[in-house]
Amino acid sequence: MDRRIVLEGCVNFRDLGGYPTREGRTLRWRTLFRSDALHAVSASDVALLRDTLHVSDIVDLRSSFELESEGRGALAREPIGFHHAPLFDGDPARAEQAAARRLVTLADRYVGMLEMASGPIARVIEILATARGAAVYHCAAGKDRTGVISAVVLGAVGVPDDLIVADYALSAENIDAIIERVMGMKGYLSLIHI
């Protein structure tokens, strides 16, 4: 099985299946996916998600501001469970400025995210655990908020830390496309001048 799944509208969609756990088990393929901006999927992407990958639930980690700016795209018309579960909500420019004052490194930001969003993270895990079929969670880039959820999920089921780090690092393979995508989103235009 390929971890990366090519979609026309996404640049960072992949399967979390296949990872071994410390107990000698293996995560089931085609059950849990992480992604970037699902609002940009094409009609053929929708068919793949619905008919081939059998996605029953989508967890959108974007803020209300991002969701209102970019919308849900073609998936809004599908009979797929939609769960808006922002880790942080409100004006992203103000949140980014506040975070920059408090947190110096990316690692600091991720630890801060775990501390400040523990309730929303727990809600996301509950949604994923009770999905009717395959589930996908996403933010705008599929790297930071999505990466934190991935680390929590993979850690909770016993995937070794080095594999969790390797999963996070896979986003770097598409970083130029991710940055280009995010910088073209209306919800991020206000962040460019920070």
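Remarks
- Selection status of I127, part of a helix (DSSP H, G or I), modelled with pLDDT under 90, under 16 Å from the mean Cα position of the chain (by Cα) and not small (G, A, S): no
- Any chance Y168 is open to solvent by less than 40 Å² (accessible area, probe 1.4 Å) and either at pLDDT 85 or above or in a loop (DSSP other than H, G, I, E, B) (or both): no
- One residue from A141, A177, A135 being assigned to a strand (DSSP E or B) and either of a type in the set (S, T, Y) or surrounded by 13 or more Cβ atoms within 10 Å (Cβ to Cβ) (or both): A135
- Residues that are surrounded by fewer than 20 Cβ atoms within 10 Å (Cβ to Cβ), in contact with a helix residue (DSSP H, G or I) (Cβ under 7 Å, 6 or more places away or on another chain) and not in a strand (DSSP E or B) are absent from segment 20-39.
- If you go through segment 96-121 and pick out every residue that is open to solvent by 60 Å² or more (accessible area, probe 1.4 Å), of a type in the set (A, V, I, L, M) and either modelled with pLDDT of 85 or more or part of a helix (DSSP H, G or I) (or both), you end up with 5.
The values are calculated or read from the model by the stated rules, or taken from the named source; none is laboratory data. A quick note: this is a predicted structure, and the numbers were derived from the prediction, not measured. All Cβ positions, even for glycine, are placed from backbone atoms using ideal geometry, and neighbour counts span all protein chains on display. In case anyone asks, the SASA skips ligands and DNA or RNA and just uses the protein heavy atoms, side chains included. Shrake-Rupley method; radii C 1.70, N 1.55, O 1.52, S 1.80 Å.
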